[in-house]
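Nothing in this text is a laboratory measurement; each read-out follows from the coordinates by a stated rule. On a predicted model such as this, the values are computed, not experimentally measured, just so you know. As a convention, Cβ positions derive from the backbone with ideal geometry for all residues, glycine included, and neighbour counts pool all protein chains shown.
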Amino acid sequence: MKLTGAQILCESLLKEGVDVIFGFPGGAVLPLYDTLPQYPALRHILVRHEQGAAHAADGYARVTGKVGVCLATSGPGASNLVTGIANAHLDSVPIVAITGQVARPFIGKDAFQEVDITGITLPITKHNYLVLEVESLPRVIKEAFYLARTGRPGPVLIDIPRDVFLEQTEFHYPQKVEIPGYKPTLQGHPAQIKKAADVINNARKPVIISGRGVLISGAFAELKQLAEMAQIPVITTLLGISSFPESHILSYGMMGMHGMAYANMAVDACDLLIAIGMRFDDRATSKVSGFAPNARIVHIDIDPAEIGKNVRVDVPIVGDVKRVLVALNKLIPPAEHIDWIHQVDEWRRQHPLVVPRTSKKVLPQYVVHKLYELTKGEAIIVTGVGQNQMWAAQHYWYDKPNSFISSGGLGTMGYGLPAAMGAKVGCPDRIVWCIDGDGSFQMTLHELATIHQDQIAVKIAVINNGFLGMVRQWQQLFYGKRYVATPLTCPDFVKLADAYCVPALRVEKKEEVAPAIQQAMKHDGPFLIDFVVEPEENVYPFVAPGTALSQIIEEPRKEVTAWSQQSTP
Amino acid sequence: MVPTKHTLVALVEDKPGVLNRMVSLFRRRGFNIASIAVGSSELSGFSRVTFVVDGPLAMVEQVRKQLGKVVDVVKVSDITEENIVIRELALVKVKATSATRSEIIQIVDVFRSDIVDVAQDSLTIEVTGAEQKIESLLDLLRTFGIKEIVRTGCIAMTRGGAGTANGSTKGRDNEQTP
Ligand SMILES: Cc1ncc(C[n+]2csc(CCOP(=O)(O)OP(=O)(O)O)c2C)c(N)n1
């Protein structure tokens with residue numbers, strides 16, 4: 001039986017196990033939308049802006065480990081996806097973006113709503129396709145999903161001309177993919193693994209840095225085994241958060257620009273750095289020439305191009321993190337590094353993550369901490385970008401894999417709400433909190449309409465400081481306190497949520513924080529809390545850009561509140 | 001001295017945009033291409049590309065690995081250190097008068113190159129060889145006045161029985177293929 005291109009697409013998506021598409025219609029994809037009702041197993045969620053569709057697919061993919069799917073029409077629909085695709089690219093998130101294109105005879109004619117989206121997304125996709133005959137559609141879809149989720153995952157875009165959706169052909173879904181130029185190295189080289197084991201077994205002051213690759217590879221247990229067996233402190237990158245239980249005795253939190261002081265000190269002082277599934281981003285390493293000056297570096301990553309890209313590496317291992325760790329762990333006998341652990345513990349005692357003062361005003365760190373307590377650390381936290389993101393990373397402790405979802409590489413304001421939406425759709429049984437900045441939230445808040453229409457029970461905590469806070473912090477510290485274009489006059493978020501039929505509360509006093517969170521969680525459905533917080537609160541510790549990780553600027557006012565002290569893991 | 005010019009050979013799928021994917025990568029990552037030459041290979045559906053890249057070894061390694069990540073690229077090898085044949089073709093239009101013509105022809109003979117067109121006031125010379133040979137010829141011809149130069153960029157192949165860029169990738173980090 002012959003099927004149309006649109007039907008073939010839907011059949012193929014089902015074959016790939018797709019259950020939800022985040023999309024937005026338009027002329028070029030109308031034939032596809034008209035076909036969707038024939039496939040009720042494909043749930044379509046109508047976003048309010050295509051950027052939201054890409055972020056939602058991204059959030060869905062991060063929490064489920066499956067490929068997220070977004071859909072947009074040609075021209076502006078496709079170009080609106082760009083930020084979301086770039087975001088997924090930098091954070092290695094498997095999404096497949098499907099775009100409509102003008103009909104084949106119009107391609108290259110500057111037709112209505114024509115953009116060269118394969119050209120535009122060339123540097124921000126793992127691969128992309130323009131499908132010029134319907135016969136190749138099943139193969140392309142098969143390849144796209146395969147490329148997106150295997151190796152180093154990433155976004156793949158499929159551009160489909162309108163008339164290809166309408167053309168008919170026999171449908172055969174390929175069993176296998178044949179891509180001669182794509183064979184990711186999964187198994188680490190045994191000789192390299194042996195070398196790594198030797199340096200690990202001889203190290204006196206080893207540190208593990210765990211990145212998002214550990215989460216992607218599902219190597220949570222293997223990482224834990226390595227750390228425990230050889231007694232090695234584990235530090236994560238921002239995106240590595242939740243790859244190692246933060247309540248674990250060997251967990252020393254996040255490193256980098258706003259990392260824990262003791263984590264950065266440990267990286268600075270270690271004699272061996274075992275970097276796993278991370279890519280030495282400049283926000284993590286700070287000044288490269290001053291990075292881990294005394295350390296030999298073992299780097300495990302699936303992408304050979306990451307080896308030696310930013311820092312010199314002594315023992316590179318290319319392979320899937322989980323497989324490499326399984327092999328490596330066999331060569332690691334139990335070891336102790338008591339003196340070293342004591343040293344790092346001592347740094348933690350001397351330089352705890354502090355919250356400066358008790359304040360009448362609501363402190364943003366306190367909000368995050370209360371969220372931690374009241375969700376018992378079991379929520380999936382999705383963040384905006386800026387200070388809110390850093391506080392969410394610092395003051396919530398993540399024990400479950402993939403429970404911290406954040407835009408790391410691109411730092412995309414507006415990521416929070418749509419990504420939280422995707423995360424909740426992917427994990428309907430988990431509590432999903434979006435911790436957002438008042439600036440970030442306003443970039444994509446129209447998705448309130450989506451979470452209302454589809455009753456996606458995302459809880460939103462807007463950290464409302466009336467500023468583009470992170471930029472204001474830099475202006476305060478590096479630009480003589482000249483707050484140019486950072487003060488925000490915000491709308492009344494409670495009224496706004498109300499207009500979108502999302503129940504909301506405003507919190508202005510410390511004692512209201514916990515009850516409001518409880519009320520939000522009791523409510524069966526989406527809920528928003530506008531936390532009006534101390535406007536000029538800064539994020540500490542802070543390693544200024546261009547300085548070495550060891551040059552840590554700490555909170556100047558060291559009046560430690562009880563909760564922050566006692567809760568230091 | 002460490003050579004800064006590296007010769008990379010890639011076997012790529014003959015797909016629309018494959019050249020664009022590779023070249024855009026050079027631009028985006030700030031790699032310097034000295035030359036690039038593309039043509040069909042012995043395998044149907046595949047082309048072979050020769051890049052000459054200028055830069056320190058670490059950068060060239062990055063080029064090789066980043067090229068390897070392009071899905072349509074099957075294989076990339078840095079063959080600089082191997083025993084290779086490198087050739088480039090150049091066409092040179094040089095000013096010629098009755099007084100200089102015979103001298104030019106002598107030079108052309110010495111370089112075992114050919115005159116492919118003769119006009120009233122110019123000669124067009126076709127020369128094939130390694131880059132150095134072409135540069136030396138151009139140096140000599142410059143005194144007569146060069147009107148136009150067209151060069152193909154280098155193509156390269158390893159000597160002996162082994163194929164170029166369809167065997168193993170020469171990597172330093174234990175990776176088999178990207
Ligand atoms: C789309 C986008 N534009 C600009 C920036 C630059 N930027 C980084 S943080 C920040 C401020 C964020 O403000 P807000 O969302 O209110 O969060 P806060 O830092 O106050 O918590 C800005 C403007 C960005 N990261 N993303």
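Put a dot 7 Å past the Cα of B:Ser44, heading toward its Cβ, do the same for B:Arg27, and the two dots end up 3.4 nm apart.
Determine, from the Cβ-Cβ distance of A:Gln225 and A:Tyr173 and an R0 of 22 Å, the FRET efficiency 1/(1 + (r/R0)^6), rounded to the nearest 0.05.
Plugging the Cβ-Cβ distance into 1/(1 + (r/R0)^6) gives 0.05.
Here is how the number arises for chain A: DSSP H runs of 4 or more residues each give -39500 (n - 2.57), the sum is divided by the residue count, and the result at 222 nm is -10500 deg cm²/dmol.
With a Förster radius of 30 Å applied to the C-beta separation of A:Tyr483 and A:Glu511, the computed FRET efficiency comes to 0.50. Taking each residue in A:179-188, count the Cβ atoms of any other chain within 10 Å of its Cβ, then average. What number comes out? That works out to 6 on average.
For region A:2-170, lysine pairs separated by 8 or more sequence positions, or belonging to different chains, with Cα-Cα distances below 20 Å total 7.
Summarise the partner chain shielding of A:299-306 as one whole number: the mean count of Cβ atoms from other chains within 10 Å of each residue's Cβ.
On the way: counts 1, 0, 1, 2, 4, 15, 13, 2.
Per-residue shielding by partner chains comes out at 5.
Here r is the Cβ-Cβ distance between B:Arg101 and A:Leu30 and R0 is 60 Å; the resulting FRET efficiency, rounded to 0.05, is 0.30.
Can you tell me the 0 to 90 degree angle between the C-alpha axis of helix B:131-142 and the longest principal axis of chain B, rounded to 10? Computed tilt is about 30 degrees.
The C-alpha atoms of chain B define a longest principal axis, and helix B:57-69 lies at about 70 degrees to it. Helix B:18-29 and the long axis of chain B differ in direction by around 90°, with both axes built from C-alpha atoms. Name the shape class, rounded, prolate or oblate, that the alpha-carbon gyration tensor gives for chain A, where a ≥ b ≥ c are the square roots of its eigenvalues, rounded holds for a/c under 1.5, and otherwise prolate holds if a/b is larger than b/c and oblate otherwise. The shape class here is oblate.
Quote the charge dipole size of region B:1-146 about the Cα centre in Debye, to the nearest 20; the model charges only the Cβ of Lys and Arg (+1) and of Asp and Glu (-1). Present the calculation step by step, with values, prior to reporting the outcome.
Values: 18 positive and 19 negative charges, 130 e Å.
That gives a dipole near 620 debye.
Take each residue of peptide A:117-129, count the partner chain Cβ atoms within 10 Å of its Cβ, and average: the result is 3. Residues in region A:38-51 carry Karplus couplings, in order, of 6, 10, x, 5, 9, 6, 9, 10, 7, 7, 10, 7, 4, 4 Hz; the curve used is 6.51 cos²θ - 1.76 cosθ + 1.60 with θ = phi - 60°, and Gly or Pro positions show x. Take every DSSP beta bridge whose two residues both sit in chain A; close to 10 percent of them are antiparallel.
If Rh is defined by the Kirkwood formula over all Cα pairs and Rg also comes from Cα, what ratio Rg/Rh do you get for region A:354-540? On the Cα set of region A:354-540, Rg over Rh gives 0.94.
The packing ranking, built from the mean of other Cβ atoms within 10 Å per residue, places the peptides A:270-282, A:32-44, A:99-111 in the order A:270-282, A:99-111, A:32-44, highest first.
Once C-alpha pairs closer than 8 Å and six or more residues apart are averaged by separation and normalised to the residue number of chain A, the relative contact order reads 14 percent.
Ranked by how many other Cβ atoms sit within 10 Å of their own Cβ, fewest first, the residues A:Phe478, A:Phe220 fall in the order A:Phe478, A:Phe220.
Is there a quick way to get the dipole size of the protein assembly as shown? I mean about its Cα centre, with the Cβ of Lys and Arg at +1 and of Asp and Glu at -1; what is the value in debye to the nearest 20?
Values: 75 positive and 78 negative charges, 168 e Å.
Roughly 800 debye for the protein assembly as shown.
Shape of region A:435-569 from its Cα gyration tensor (a ≥ b ≥ c, root eigenvalues): rounded if a/c is under 1.5, otherwise prolate when a/b > b/c, or oblate? Could you put the intermediate results ahead of the total?
Numbers: a/c = 2.31, a/b = 1.57, b/c = 1.47.
It is prolate, given that a/c is not under 1.5 and a/b is the larger ratio.
Assign unit charges at the C-beta atoms only (+1 for Lys and Arg, -1 for Asp and Glu), then state the dipole size of region B:85-155 relative to its Cα centre in Debye, rounded to the nearest 20.
Working: 9 positive and 11 negative charges, 13 e Å.
Rounded to the nearest 20 debye, it is 60 debye.
Tell me whether region A:2-170 comes out rounded, prolate or oblate; compute the Cα gyration tensor, take square roots of the eigenvalues as a ≥ b ≥ c, and use a/c under 1.5 as the rounded threshold. Note, shape of region A:2-170 comes out rounded.
3J(HN,Hα) along region A:255-267, derived from phi through the Karplus expression 6.51 cos²θ - 1.76 cosθ + 1.60 where θ = phi - 60°, amounts to 9, x, 3, 10, x, 5, 4, 5, 5, 5, 5, 5, 4 Hz, with x in place of Gly and Pro. Taking only Cα atoms of region A:165-311, what ratio of Rg to Rh do you get with Rh as the Kirkwood inverse-distance radius? So for region A:165-311, dividing Rg by the Kirkwood Rh gives 1.11.
Rank-order A:86-97, A:309-320, A:166-177 by packing density, defined as the average count of other C-beta atoms within 10 Å over each peptide's residues, highest first.
Details: A:86-97: 26.4, A:309-320: 21.2, A:166-177: 13.1.
Top of the packing list down: A:86-97, A:309-320, A:166-177.
For the peptides A:235-245, A:321-331, the ranking by mean Cβ contacts within 10 Å, running from highest to lowest, is A:235-245, A:321-331.
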